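This report refers to the structure that appears directly beneath it.
The values are calculated or read from the model by the stated rules, or taken from the named source; none is laboratory data. Just so you know, these numbers come straight off a predicted model, no measurement behind them. All Cβ positions, glycine included, derive from the backbone under ideal geometry; neighbour counts span all protein chains shown.
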């Protein structure tokens with residue numbers, strides 16, 4: 001019964017969205033006419049003095065509050081409450097759960113994603129059966145952070161000399177650019193960070209149309225094409241001007257379990 005309902009629901013969703021049924025991107029005219037605007041505000045970056053960065057980082061033991069995997073033990077790193085944090089490169093090194101006698105417990109590592117609301121990311125210790133909880137006494141390891149203490153945003157208008165110099169071409173809703181030479185920082189789409197953003201002639205930011213994404217190579221240069229919901233008049237893109245590196249060892253007691261009945265409810 002559940003499987004039948006799932007198939008029916010999936011079919012209903014596809015039928016209600018014409019472009020999903022054909023699995024083909026919309027036409028240029030359809031994308032341009034849609035005119036969808038981004039509801040999120042543009043990022044505002046700050047220049048962070050290198051000496052103050054380590055003081056702005058906090059490492060803590062945590063528990064997952066997700067419905068699935070509720071109370072899974074985790075180690076979370078909170079970074080400065082700045083939009084810069086979306087471009088931070090965070091690695092958890094040798095992270096492991098240990099018993100009271102310091103023996104490593106059986107586990108699997110699950111890497112979390114950046115949370116723009118708390119400016120944090122985490123690693124979780126998951127049991128192999130995905131049902132029980134790893135009975136850790138402490139979590140130990142190191143965290144390596146490469147942090148963008150200075151980010152620069154560059155604006156380019158369609159057809160301008162700057163666009164030509166940078167290798168950026170804008171054609172209606174489509175934007176083609178050389179990824180490597182622009183030096184865009186990496187960011188997860190789920191994090192909400194958009195290293196390259198598009199705007200219409202009135203300066204309103206357009207929403208990204210995710211069904212168009214392709215790469216092509218010519219003269220040894222790889223270029224990426226993406227699309228936005230409307231005709232693009234200009235783009236802005238971010239590059240990191242200065243990085244700061246930090247490595248933090250941690251040896252933390254396990255966080256207390258969250259109470260039953262609060263599954264899916266954040267802290």
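Tabulated data for the structure shown
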read-out: Residue count, segment 200-233 (criterion: surrounded by 12 or more Cβ atoms within 10 Å (Cβ to Cβ), in contact with a strand residue (DSSP E or B) (Cβ under 8 Å, 6 or more places away or on another chain) and within 23 Å of residue 162 (Cβ to Cβ)); value: 16
read-out: Residue check, residue 1 surrounded by 14 or more Cβ atoms within 10 Å (Cβ to Cβ) and either out of contact with any strand residue (DSSP E or B) (no Cβ under 8 Å at 6 or more places or on another chain) or at pLDDT 95 or above (or both); value: no
read-out: Any chance residue 231 is over 20 Å from residue 88 (Cα atoms) and either in contact with a helix residue (DSSP H, G or I) (Cβ under 7 Å, 6 or more places away or on another chain) or in a strand (DSSP E or B) (or both); value: yes
read-out: Test: residue in segment 118-134 that is assigned to a helix (DSSP H, G or I) and free of Cβ contacts under 8 Å to residues at least 60 places away in the same chain; value: no
read-out: Segment 166-177, residues that are assigned to a strand (DSSP E or B) and touching a helix residue (DSSP H, G or I) at 6+ places or on another chain (Cβ under 8 Å); value: 169, 170, 174, 177
read-out: Any hit, segment 116-126, residues being touching a strand residue (DSSP E or B) at 6+ places or on another chain (Cβ under 7 Å) and farther than 29 Å from residue 69 by Cβ; value: no
read-out: Qualifying residue in segment 9-29 (condition: at pLDDT 90 or above, surrounded by fewer than 15 Cβ atoms within 10 Å (Cβ to Cβ) and in a helix (DSSP H, G or I)); value: yes
read-out: Residue match in segment 244-264 (condition: exposed (fewer than 11 other Cβ atoms within 10 Å of the Cβ), under 21 Å from the mean Cα position of the chain (by Cα) and in a loop (DSSP other than H, G, I, E, B)); value: yes
read-out: Among (1) under 22 Å from the mean Cα position of the chain (by Cα); (2) not assigned by TED's automatic domain parsing to the domain that holds residue 80, the one test that residue 145 misses; value: (2)
read-out: Residue match in segment 51-62 (condition: free of Cβ contacts under 8 Å to residues at least 24 places away in the same chain and in contact with a strand residue (DSSP E or B) (Cβ under 8 Å, 6 or more places away or on another chain)); value: yes
read-out: Given (1) surrounded by 18 or more Cβ atoms within 10 Å (Cβ to Cβ); (2) without any contact (Cβ under 8 Å) to a residue 24 or more places away in the chain, number of the condition residue 141 does not satisfy; value: (2)
read-out: Condition check for residue 115: in contact with a helix residue (DSSP H, G or I) (Cβ under 9 Å, 6 or more places away or on another chain) and either on the phi > 0 side of the Ramachandran plot or in the same structural domain as residue 61 (by TED's automatic domain parsing) (or both); value: yes
read-out: Answer from 155, 192, 172 - the residue that is surrounded by fewer than 17 Cβ atoms within 10 Å (Cβ to Cβ), modelled with pLDDT of 95 or more and on the phi > 0 side of the Ramachandran plot; value: 172
read-out: Subset tally (residues that are part of a loop (DSSP other than H, G, I, E, B), over 20 Å from the mean Cα position of the chain (by Cα) and surrounded by 15 or more Cβ atoms within 10 Å (Cβ to Cβ)) for segment 36-71; value: 5
